[in-house]
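The values are calculated or read from the model by the stated rules, or taken from the named source; none is laboratory data. Since this is a predicted model, take the numbers as computed values, not measurements. Here the Cβ positions follow ideal geometry from the backbone for every residue, glycine too, while neighbour counts run over all protein chains shown.
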Amino acid sequence: MESAMNYETLLVDVAERVATVTLNRPKVLNALNAAMLHELDAVFSALADDAAVCVVLLCGAGAKAFAAGADIAELAATDADSGEQLARRGQRVFRRIETLGKPVIACIDGFALGGGCELAIACTLRMASERARLGQPEIKLGLLPGYGGSQRLPRLVGRSTALKMMLTGAMVDAAEALRIGLVDEVVAGEADSGLMVRARELAEAIAAMPPLAVEGLLDAVDRGADMGLDDALALEAGIFGRLCGTEDKREGTRAFLEKRSANWVGR
C-alpha cells in the first residue's frame, strides 16, 4: 500500500491488521474537498487489495471534527451539471467504502455534518465520543444530502426520524445519536484515551475473525438488504455453501472440536 507520505489530505497507518485512515484538514474541520475525495478513493482501493489489513478505522484530525461537511467554496461554484457530477463522485467513493469487504469503523469525535455525516453512515459501524455532534444541514444551503445521506439515513434510523433531521438541518448530540441508532456506541473520556482505544479494541476483536467469513457476512447483509426475503435467503445459502468449502471452515470446526484456538489462513 502507498505510504501516507503520498497523501496530502489523509494520514494512513497500518499496524496489527488494522489500518487507521485520518482525515487530515483540521484547519477547516476536515471538510471534504475534491482532493480528499480523490485520495479516499485511492486509499480504500489500496486497502481492499491489502491482505495485511482486516479492519479499517476512519477518524478526523484535531479535537473539533470528524468532518464538518463538504468544502463550501467548491460547492458554491457548482451548477446543475457539475453539481450532479460532484454528487455521483462522492456517492461512488462512499459506496466503495461501504462495500470494501472489510469492516470500516467511523470514529466520530466532534462534528460530523453534511458530507461528514454521510461518510460516517457509509461505514460499517459508528463509534462516537461524548462530544460528537451529527447532522445533515444541507437544506440550509438550498440543497439535500448528495453523497447518499437521503437514502442511507432513513434505512439506518427510520424514515420519520431521518426526515426530521434533514428537513430541519438540526444536529443531534452523541446520546441522541445512540438512542436513534445513528451511532453504535458512545465512549466517555478524551478521544485518545477513550474513543480510539475502544475503537482499536473492537477492530482487533474483528480482525481476529476469519477474513473470508467476515467478507461473506458483509456481502450477505449489504446485498440482501435490497432483496425480497426469498432471494436474500438464497443469497445467504450460496455464501454459506461457499464458505463450507474453505480451509478456514475446516480449520474452524477442527479447532472447536479439539478445544484450541483456530489459525485462520484466508483460504
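Please determine, by comparing only the residues of the stretch 60-104 that are in contact with a Gly (Cβ under 6 Å, 6 or more places away or on another chain) and more than 14 Å from ALA31 (Cα to Cα), which one is surrounded by the most Cβ atoms within 10 Å (Cβ to Cβ).
That would be PHE94.
Taking the stated definitions as given, is LYS249 farther than 20 Å from ALA128 by Cα, among the charged types (D, E, K, R) and either in contact with a Pro (Cβ under 8 Å, 6 or more places away or on another chain) or buried (at least 16 other Cβ atoms within 10 Å of the Cβ) (or both)?
Working: farther than 20 Å from ALA128 by Cα: yes; among the charged types (D, E, K, R): yes; either in contact with a Pro (Cβ under 8 Å, 6 or more places away or on another chain) or buried (at least 16 other Cβ atoms within 10 Å of the Cβ) (or both): yes.
Taking the combined requirement at face value, the residue satisfies it.
Determine which member of the set LEU75, LEU58, LEU86 is within 30 Å of GLU16 (Cβ to Cβ) and assigned by TED's automatic domain parsing to the domain that holds ASP109. Before you say what the answer is, go through the steps one by one.
Values: LEU75 fails: within 30 Å of GLU16 (Cβ to Cβ); LEU86 fails: within 30 Å of GLU16 (Cβ to Cβ).
Among LEU75, LEU58, LEU86, only LEU58 is within 30 Å of GLU16 (Cβ to Cβ) and assigned by TED's automatic domain parsing to the domain that holds ASP109.
Which count do you get for residues in the stretch 252-267 that are free of Cβ contacts under 8 Å to residues at least 12 places away in the same chain and either among the charged types (D, E, K, R) or surrounded by 12 or more Cβ atoms within 10 Å (Cβ to Cβ) (or both)?
Narrowing the stretch 252-267 to residues free of Cβ contacts under 8 Å to residues at least 12 places away in the same chain: 253-261.
Those still in the list that are either among the charged types (D, E, K, R) or surrounded by 12 or more Cβ atoms within 10 Å (Cβ to Cβ) (or both) too: 253-255, 258-260.
Adding up the residues that qualify gives 6.
Are there any pairs with C-beta distances below 9 angstrom linking a residue in the stretch 168-188 that is under 15 Å from VAL157 (Cα atoms) to a residue that is among the acidic types (Asp, Glu) and in a loop (DSSP other than H, G, I, E, B), with the two at least 6 apart or on different chains, and if so which?
As it stands, the answer is ASP173/GLU130; ALA174/GLU130; ALA175/GLU130; LEU178/ASP184, since those pairs meet every condition given.
Which condition number does ALA213 fail, the rest of (1) aliphatic (A, V, I, L, M); (2) in a helix (DSSP H, G or I); (3) buried (at least 20 other Cβ atoms within 10 Å of the Cβ) being met?
Among (1) aliphatic (A, V, I, L, M); (2) in a helix (DSSP H, G or I); (3) buried (at least 20 other Cβ atoms within 10 Å of the Cβ), the lone unmet condition for ALA213 is (3).
Could you tell me whether the stretch 15-38 includes any residue that is surrounded by 16 or more Cβ atoms within 10 Å (Cβ to Cβ), outside any strand (DSSP E or B), in contact (Cβ under 8 Å) with a residue 60 or more places away in the chain and among the charged types (D, E, K, R)?
Yes: the stretch 15-38 contains one or more residues that are surrounded by 16 or more Cβ atoms within 10 Å (Cβ to Cβ), outside any strand (DSSP E or B), in contact (Cβ under 8 Å) with a residue 60 or more places away in the chain and among the charged types (D, E, K, R).
Can you say whether SER45 is modelled with pLDDT of 95 or more, among the small types (Gly, Ala, Ser) and not in a loop (DSSP other than H, G, I, E, B), as far as the supplied structure shows?
Numbers: modelled with pLDDT of 95 or more: yes; among the small types (Gly, Ala, Ser): yes; not in a loop (DSSP other than H, G, I, E, B): yes.
In short, yes.
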